[in-house]
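Below is one structure, written out as structure tokens; the observations come after it.
The values are calculated or read from the model by the stated rules, or taken from the named source; none is laboratory data. Please read these numbers as outputs of a predicted model, since none were measured by experiment. Cβ placement follows ideal geometry from the backbone for every residue including glycine, while neighbour counts extend to all protein chains displayed.
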Amino acid sequence: MKQQEILLGNFAIARGLLEAGCSFFAAYPGTPSSEILPGLAYFKEKEKKKNIYFEWSTNEKVAFEVAFGAALTGKRAAIAMKQVGLNVAFESLLHSRSIPLRGGFVVISADDPGPQSSQTEQDTRQLGIFYQLPVLDPANPREAREMARYSFDLSEKFRIPVLLRTTHRVSHARQNVPLGPIRSVRKATRFSIEADGIPYGDRITRTLKSIEKEFEKESNFNRVSLKYPPQKKVGIIAAGVSYAIAKDFLDDRGLSTSIPVLKIGTVHPLPREKVEGFINQFETIFIFEETDAAIEIQLQDKERIFGRWNGIIPSEGEIGPEVMARVFLPHLHHLKLIKDLPVEDAELQQALQSMKIPPRPPRLCPGCGHRAAFFAIRQAFPEALFPGDIGCYTLGVNMRVVDTCLDMGSSVNFAAGFYQAFHQDGKQPPVIATIGDSTFFHAGLSSLLAAVKSGKRFVLIILDNEVVAMTGMQPTPGTGITAKKEQGNAISIRGMLEALGVPFIREVDAYRVDEMISAICQGVEFTKAPEGSVAAIIAKRECIIHAQSQGRVQPLLNRVEATKTCTGCRACINSFDCPALIWNPERKKVEIDETICVGCGICLYACPQNRSGAGLFSLQQTYFLEHPIPSP
Ligand code: SF4
Ligand code: SF4
């Protein structure tokens, strides 16, 4: 029997890439794509394979271009990123079609229907249609592995990049996946600009036509569940994880022998003959796909289609079984294909409604250094303008110190824009921008250069926690740790700031709230001085979760019983937002959740009792704070 392993979807993709002979891989971390690179590292290590290169690139454009360069020399190269990450490499993606490849090139973009951890539900398949690139859409981890392998064959055969679009429910599902041998492709590395004599536009059109023909062939990726359906009233077309859900939905209700499903794995170019042939057999067709109507918009005749385009299926969000039940079962009932509609359990509904589950918005972890920095900012200048950025620290919005969060690196540009706009009207409110260390390297450098060059004045706080925490603790360029967990060249943030001409630079431990406040005040003062410019503060504190995982966190503080000293003023809860601080409504006092408090002691700064010598802890000196908190 073939060897199998239960794999996470992203590991299955990694396996497929390696089995196809991928020897060059670059990525920028972003949920839900981040585990593909660790998957490559896992299999490479496990099977002691050599000559497979992978890197965490500084951003998605860098990842795209280094890997594309490798593919031009004959390598099988791939990249991975989340869907909004691909936006950073748009231009590279568009123009990459015009250079015939010598090797294979696969672009893996992980979409986030819902969305669960992104700003938008952006559907990469639409981009493939718009840019005229082939798009594959796996339904489960097993198929994701097969498609990863196939993508390279397709890319090399037609000499263009192939988009492999996954979604979080495929990337983060686990399935028993058959394993094939990891292959090495022996092709001499060479580079020359090849012109095939065909005008660019013609080449794309011809290539897509040929690919469409290939997709028309009977394959596992595009298949019909019932060859001879017992009825002609309704059929389903489904793609990606929506296919897997539709299949379970029909199986669970005993409908899979009466409702045929056409599964589409090759979404663009659409195997039109196959799709239209299927549609023409039925009076009505439901199309289940996430997140946009990528299949639906490619159909010329939408007369009998029930989908997202015409609003019958909600135009946003995931299509779970509850959505299918809501939109599909009434149709079956109307067509007399089912006798009864399921009746809602009134008692259950009532019980659910009576449960008052408090909303739990995401918050920074207990002990997070970002919270300490945000607290200091708010204490120093509560009325400032606060451009923010993308990372864990976007959650500074809970502490009212993040006003904007547009995209990676936007904090610096917003700060410059805010400064200039007010300056034109003769005003200069304090502008305090925050950006994470990885985001600073990703997209902050050229923006900062522009701001310094054009004389903008604002405070930029670089929150340096040494990892890309939100996406799984990948190392940042500041540490110099490589994707292989080896020590490489560390890039100093201070050095970058100096090179960019920032005249005011302070490095402060984010936990030292008093020093942070003082540095921020000096920074704002500097922005108003005659020689003023950008004032940069590097707020350093290792991510507490990372520190814990490395065994770098010491035992907790000795606490006094909070209720003895707490007056119930709630100042700490209101200004500090630590999940370990809990309000006890019966005792009307704050308590500390011992199970999650890490004993960082930073909330001492927020407690007025501390100033009179009491507070929540018996120690005023902690592992993190070598010095007592100063009196006000
Ligand atoms: S993961 Fe780390 S950086 Fe992110 S909120 Fe938690 S402690 Fe802070
Ligand atoms: S010491 Fe205070 S700030 Fe730190 S984790 Fe515990 S409750 Fe939160």
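Any residue in segment 477-494 that is farther than 30 Å from Ser33 by Cα and either within 16 Å of ligand 1 (Cβ to nearest atom) or at pLDDT 95 or above (or both)?
Yes, some residue in segment 477-494 is farther than 30 Å from Ser33 by Cα and either within 16 Å of ligand 1 (Cβ to nearest atom) or at pLDDT 95 or above (or both).
Search segment 352-368 for residues that are modelled with pLDDT of 85 or more and pair each with any residue that is away from ligand 2 (no atom under 16 Å from the Cβ) when their beta-carbon atoms are under 6 Å apart and the residues are at least 6 apart or on different chains.
From segment 352-368, no pairs qualify.
Please determine whether any residue of segment 402-416 is hydrophobic (A, V, I, L, M, F, W, C), within 16 Å of ligand 2 (Cβ to nearest atom) and touching a Lys or Arg at 6+ places or on another chain (Cβ under 9 Å). Spell out how you get there, then give the answer.
Keep residues of segment 402-416 that are hydrophobic (A, V, I, L, M, F, W, C), which gives 402, 405-406, 408, 412, 414-416.
Applying the additional criterion that residues be within 16 Å of ligand 2 (Cβ to nearest atom) yields none.
Checked segment 402-416: no residue is hydrophobic (A, V, I, L, M, F, W, C), within 16 Å of ligand 2 (Cβ to nearest atom) and touching a Lys or Arg at 6+ places or on another chain (Cβ under 9 Å).
Within segment 426-445, count every residue that is assigned to a helix (DSSP H, G or I) and either of a type in the set (D, E, K, R) or closer than 20 Å to Glu525 by Cα (or both).
Final tally of qualifying residues: 1.
Considering (1) surrounded by 18 or more Cβ atoms within 10 Å (Cβ to Cβ); (2) more than 23 Å from Pro32 (Cα to Cα); (3) touching a residue at least 40 places away in the same chain (Cβ under 8 Å), say which one Arg183 fails and leave the rest.
Result: Arg183 passes all but (1).
Need the failing condition index for Val170 against (1) in contact with a Phe, Trp or Tyr (Cβ under 7 Å, 6 or more places away or on another chain); (2) under 28 Å from Phe286 (Cα atoms), just the number.
(1)
Report, by residue number, each residue of segment 440-476 that is in contact with a Phe, Trp or Tyr (Cβ under 6 Å, 6 or more places away or on another chain) and either over 20 Å from Asn489 (Cα atoms) or crowded, with 24+ Cβ neighbours inside 10 Å (or both).
Scanning segment 440-476 gives Lys456, Arg457, Phe458, Ile462, Leu463.
Only one of these conditions is not met by Leu406: (1) in contact (Cβ under 8 Å) with a residue 24 or more places away in the chain; (2) within 29 Å of the chain's Cα centre (by Cα); (3) assigned to a loop (DSSP other than H, G, I, E, B). Which number is it?
Every condition holds for Leu406 apart from (1).
Just wondering, is there one or more residues in segment 446-460 that are part of a helix (DSSP H, G or I) and within 16 Å of ligand 2 (Cβ to nearest atom)?
There is no residue in segment 446-460 that is part of a helix (DSSP H, G or I) and within 16 Å of ligand 2 (Cβ to nearest atom).
Here's the yes/no breakdown for (1) in a loop (DSSP other than H, G, I, E, B); (2) in the same structural domain as Glu515 (by TED's automatic domain parsing); (3) within 16 Å of ligand 1 (Cβ to nearest atom):
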residue	(1), (2), (3)
Gln350	no, no, no
Gln353	no, no, no
Leu364	yes, no, yes
Arg378	no, yes, no
Pro382	yes, yes, no
Asp389	yes, yes, yes
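Check whether at least one residue in segment 285-294 is among the acidic types (Asp, Glu), in contact (Cβ under 8 Å) with a residue 40 or more places away in the chain and touching a strand residue (DSSP E or B) at 6+ places or on another chain (Cβ under 8 Å), and report yes or no.
Yes, there is a match, as at least one residue in segment 285-294 is among the acidic types (Asp, Glu), in contact (Cβ under 8 Å) with a residue 40 or more places away in the chain and touching a strand residue (DSSP E or B) at 6+ places or on another chain (Cβ under 8 Å).
Would you pick out the residues in segment 136-174 that are in contact with an Asp or Glu (Cβ under 7 Å, 6 or more places away or on another chain) and more than 18 Å from Ile79 (Cβ to Cβ)?
Across segment 136-174, the qualifying residue is only His168.
Filter segment 503-536 for residues that are part of a loop (DSSP other than H, G, I, E, B), of a type in the set (A, V, I, L, M) and touching a helix residue (DSSP H, G or I) at 6+ places or on another chain (Cβ under 7 Å) and give the result.
Once the filter is applied, which keeps residues that are part of a loop (DSSP other than H, G, I, E, B), of a type in the set (A, V, I, L, M) and touching a helix residue (DSSP H, G or I) at 6+ places or on another chain (Cβ under 7 Å), segment 503-536 yields Ala510, Val534.
For segment 253-276, how many residues meet the condition of being over 23 Å from Gly128 (Cβ atoms) and surrounded by fewer than 23 Cβ atoms within 10 Å (Cβ to Cβ)?
6
Pick out the one residue from Val452, Val502, Val468 that is under 10 Å from Ser438 (Cβ atoms) and of a type in the set (A, V, I, L, M).
When all the criteria are applied, what remains is Val468.
Looking at segment 318-337, is at least one residue part of a helix (DSSP H, G or I), under 29 Å from the mean Cα position of the chain (by Cα) and β-branched (Val, Ile, Thr)?
The answer is yes; a qualifying residue exists.
Within segment 104-121, can you find the residues that are over 17 Å from Asn10 (Cβ atoms) and modelled with pLDDT under 95?
Gly114, Pro115, Gln119, Thr120, Glu121, listed by residue number.
Is one or more of the residues making up segment 532-555 at pLDDT 90 or above and more than 33 Å from the chain's Cα centre (by Cα)?
Yes; the residues of segment 532-555 include at least one that is at pLDDT 90 or above and more than 33 Å from the chain's Cα centre (by Cα).
Please pick out the residue among Pro361, Pro342, Pro330, Pro366 that is under 30 Å from Ile461 (Cα atoms) and away from ligand 2 (no atom under 16 Å from the Cβ).
Unique residue meeting the criteria: Pro361.
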